[in-house]
Amino acid sequence: MNDICLKNLQLVLYTLIGFVCVSAPISAHHSAEMFNRDEIITLIGTVKEFRYINPHSWLIVDIENDDGTTTTWGFEGEGPQDMIHGGVRKGDLPPGAKITITGNPMRDGRPAALWQTIIKEDGTLLNWRTPGRD
């Protein structure tokens with residue numbers, strides 16, 4: 001094999017290795033393994049904050065426990081583009097809004113879940129996975 005072919009082969013090999021190294025963290029980012037997809041919880045609470053951001057939105061909700069204490073839960077959703085497509089706007093969930101939310105809880109028991117649906121106090125269903133009012 002001449003030097004030019006060997007150098008080209010090395011260049012191709014290093015390029016492939018680079019793609020593998022870069023793509024592994026990207027694919028890991030989209031893992032939802034931390035959530036128990038076999039379980040759905042339903043909680044009633046008050047919106048504390050709606051982080052309408054990329055790559056994933058977070059809805060922060062205060063849930064009152066049976067003993068009168070409050071636990072702050074985080075519900076992960078998709079980014080604003082998917083939320084808009086599903087008809088969910090940042091202004092739909094202002095701080096203080098009363099909601100009923102369903103989601104897939106964390107496997108380790110921490111107070112967080114993958115957001116599925118929300119029913120607002122006025123009965124409006126927010127489901128970002130379905131085409132909305134756009």
In Hz, Karplus ³J(HN,Hα) per residue of region 95-112 (6.51, -1.76, 1.60; θ = phi - 60°; x = Gly, Pro): x, x, 5, 8, 9, 10, 10, 10, x, 8, x, 5, 5, 8, x, 5, x, 8
The set of residues whose placed amide H lies less than 5 Å from the amide H of THR72, leaving out same-chain residues fewer than 5 positions away, is ILE63
Would you kindly derive the ³J(HN,Hα) couplings of region 32-37 from the backbone phi angles with the Karplus curve 6.51 cos²θ - 1.76 cosθ + 1.60 (θ = phi - 60°), listing them in order in whole Hz, with x for Gly and Pro? 10, 4, 6, 9, 8, 6
Just to be sure I understand the curve: with the Debye formula and one point per C-alpha of region 41-126, what is log10 I(q)/I(0) at q = 0.19 Å⁻¹? -0.80
Which whole-Hz couplings ³J(HN,Hα) result when phi for each residue of region 59-67 is put into the Karplus expression 6.51 cos²θ - 1.76 cosθ + 1.60, θ = phi - 60°, listed in order with x for Gly and Pro? 9, 9, 10, 8, 10, 7, 7, 4, 8
Compute the length gained on full extension between ASP62 and GLU33: take 0.36 nm times their separation in residues and subtract their Cα-Cα distance, giving the result in nm to one decimal. 8.0 nm
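Coordinate-derived values only; no laboratory data. Treat the numbers as computed from the prediction; the structure is a model and nothing was measured.
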